[in-house]
Amino acid sequence: MKNVNLLYKKVEDFFFVTKGNPEFLGFFRISIGTMVLLHFLAILSDFEKFFSGKSIIPQDVMSVFHPGWLLTFSKITSIFESLGISENAVILGAKTLFIMLCLNIIIGFYSRFSAFLLLILQVSLLKGSSFFIYGVDFFTSMSLFYLILLPSDAYCSVLSFIFKKNLKEISFMPVKRMFQIHISIAYFFSGFDKLLGYNWRNGESIWKAIHLPYANRDFNFDFSWMADYSYLLVMIGWATIIIEMLYPFFVWIPKTQKTWMILTISMHLGIALVLNLYYFSAIMIIWNLTNFYFEKESFSVKSPVFDWRLYKKSSSVEI
């Protein structure tokens, strides 16, 4: 019974005792808000080609690939058109709203409510145009979800300046631990999936990736010489598998945490430079820094029991 109580106490402390630096709240909010805004501005000139009635792939074709109950941007447009509002006006309103919500998140002005509205708008855009989405869009949705769960305005925000909240009263650990476990599981199964096939183990996937027609277009690195040194491709493939599969083990150990973060971030920098997946790499680097860079404690609340009423009270200022 004593061992059970000790285990329970450790689990309780792990999830509910506030530890670490609350600066990650401001870093995550500002970084995600900025990245989502830049990503949206990058496609702004082509918005109509993706999401309007004049899109490259007709909306009625794309509607075949999502359930009828799903709220998509084309349905939102149809609703407003039935009220006498033109599609161009709806598109202009969506663009303006998207940018304003991103700015609210960045400055920390009711960022949780802004993230909630932005998540609805982002999902309606992406789910109705599934042919145009890729990994970064899913991670963007998850990032906005975490912004809703976390007391995002508690640090370095307009609202924290106005209401002068005491950071020691903010309980963010349950969500942070869930976030940390989430990224650990994601990396492990990403590496495990690569291990199951032979393409990553023999370097074939690396060779194919660096020669994709849409990759390596910004810097035009010459990788032809690697054909004579195929063992390098094998080493890179195995290094990727090892970094991802062992991530949930070594990133939690204080002595190896920094090393594993450097390896993981270096991997994403390589993806950005070679495959030109800048936004995907940026959001994964943000996730890594948010979860494990701010582990140095600026204070620690040694409360043995977590009070959800305190968490609710500390979060009520934002909604």
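The values are calculated or read from the model by the stated rules, or taken from the named source; none is laboratory data. Keep in mind that this is a model prediction, so the values were computed, not measured. Cβ: placed from backbone, ideal geometry, glycine included. Neighbour counts: every protein chain shown. Heads up: the accessible areas ignore ligands, DNA and RNA and are worked out on the full protein's heavy atoms, side chains in. Shrake-Rupley method; radii C 1.70, N 1.55, O 1.52, S 1.80 Å.
Checking S171 against (1) within 24 Å of M267 (Cα to Cα); (2) in a loop (DSSP other than H, G, I, E, B), which single condition isn't satisfied?
Of (1) within 24 Å of M267 (Cα to Cα); (2) in a loop (DSSP other than H, G, I, E, B), only one is false for S171: (1).
Give me the pairs: first residue in region 133-150 and at positive phi, second residue at pLDDT 95 or above and crowded, with 16+ Cβ neighbours inside 10 Å, beta-carbon distance under 7 Å, and six or more apart or on different chains, which are they?
none
Taking region 232-245 on its own, how many of its residues are surrounded by fewer than 17 Cβ atoms within 10 Å (Cβ to Cβ) and in contact (Cβ under 8 Å) with a residue 40 or more places away in the chain?
The number of residues fulfilling the criteria is 1.
Working only within region 65-94, note down all residues that are free of Cβ contacts under 8 Å to residues at least 60 places away in the same chain, in a helix (DSSP H, G or I), under 18 Å from F50 (Cα atoms) and open to solvent by 70 Å² or more (accessible area, probe 1.4 Å).
N88, L92
Here are some residues: F188, F250. Which one is closer than 16 Å to M267 by Cβ, touching a residue at least 60 places away in the same chain (Cβ under 8 Å) and open to solvent by 30 Å² or more (accessible area, probe 1.4 Å)? Show your work before the answer.
On the way: F250 fails: touching a residue at least 60 places away in the same chain (Cβ under 8 Å).
Exactly one residue qualifies, and that residue is F188.
Tell me which residues, restricted to region 276-291, are hydrophobic (A, V, I, L, M, F, W, C) and surrounded by fewer than 18 Cβ atoms within 10 Å (Cβ to Cβ).
Passing the criteria: only L289.
Note down all Cβ pairs under 9 Å where the first residue falls in region 255-277 and is in contact (Cβ under 8 Å) with a residue 60 or more places away in the chain and on the phi > 0 side of the Ramachandran plot, the second is open to solvent by 30 Å² or more (accessible area, probe 1.4 Å) and in a loop (DSSP other than H, G, I, E, B), and they're at least six residues apart or on different chains.
N276/Y214; N276/R217; N276/D218; N276/F219
Report, by residue number, each residue of region 191-231 that is open to solvent by 60 Å² or more (accessible area, probe 1.4 Å), farther than 20 Å from Y134 by Cα and in a loop (DSSP other than H, G, I, E, B).
Y198, W200, R201, N202, F219, N220, F221, D222, Y229
Hey, can you tell me all the residues within region 178-213 that are of a type in the set (G, A, S) and under 18 Å from the mean Cα position of the chain (by Cα)?
The initial filter retains those residues of region 178-213 that are of a type in the set (G, A, S), namely 184, 186, 190-191, 197, 203, 205, 209.
If the condition is that a residue be of a type in the set (G, A, S) and under 18 Å from the mean Cα position of the chain (by Cα), then S184, A186, S190 are the ones that fit.
Assess whether M267 counts as being at pLDDT 95 or above, assigned to a helix (DSSP H, G or I), of a type in the set (A, V, I, L, M) and open to solvent by 70 Å² or more (accessible area, probe 1.4 Å).
No: the conditions fail for M267.
Kindly indicate whether any position in region 27-46 is farther than 30 Å from C156 by Cα, open to solvent by 70 Å² or more (accessible area, probe 1.4 Å) and assigned to a helix (DSSP H, G or I).
Yes, because at least one residue in region 27-46 is farther than 30 Å from C156 by Cα, open to solvent by 70 Å² or more (accessible area, probe 1.4 Å) and assigned to a helix (DSSP H, G or I).
Which condition does F161 not pass, out of (1) touching a helix residue (DSSP H, G or I) at 6+ places or on another chain (Cβ under 8 Å); (2) modelled with pLDDT under 95; (3) part of a helix (DSSP H, G or I), if it passes all the others?
Of the numbered conditions (1) touching a helix residue (DSSP H, G or I) at 6+ places or on another chain (Cβ under 8 Å); (2) modelled with pLDDT under 95; (3) part of a helix (DSSP H, G or I), the odd one out for F161 is (1).
Based on what the data block shows, is Y155 open to solvent by less than 40 Å² (accessible area, probe 1.4 Å) and of a type in the set (F, W, Y)?
no
Any idea which residue in region 95-120 is least open to solvent (accessible area, probe 1.4 Å), counting only those that are touching a Lys or Arg at 6+ places or on another chain (Cβ under 9 Å) and of a type outside the set (G, A, S)?
Top of the filtered list is I105.
Could you look through region 190-249, keep only residues that are basic (K, R) and out of contact with any Ser or Thr (no Cβ under 8 Å at 6 or more places or on another chain), and pick out the one that is farthest from Q180 (Cα to Cα)?
Among them, the one singled out is R217.
For residues that are among the hydroxyl-bearing types (S, T, Y) and more than 30 Å from L97 (Cα to Cα), scanning just region 1-41, find the one that is modelled with the lowest pLDDT.
Restricting to residues being among the hydroxyl-bearing types (S, T, Y) and more than 30 Å from L97 (Cα to Cα), the top hit is T18.
Show the residue pairs that are 6+ apart or on different chains and have beta-carbon atoms under 9 Å apart, the first residue being within region 32-50 and without any contact (Cβ under 8 Å) to a residue 60 or more places away in the chain and more than 11 Å from I105 (Cβ to Cβ), the second being open to solvent by less than 50 Å² (accessible area, probe 1.4 Å) and among the hydroxyl-bearing types (S, T, Y).
As it stands, the answer is E48/S55; K49/S55, since those pairs meet every condition given.
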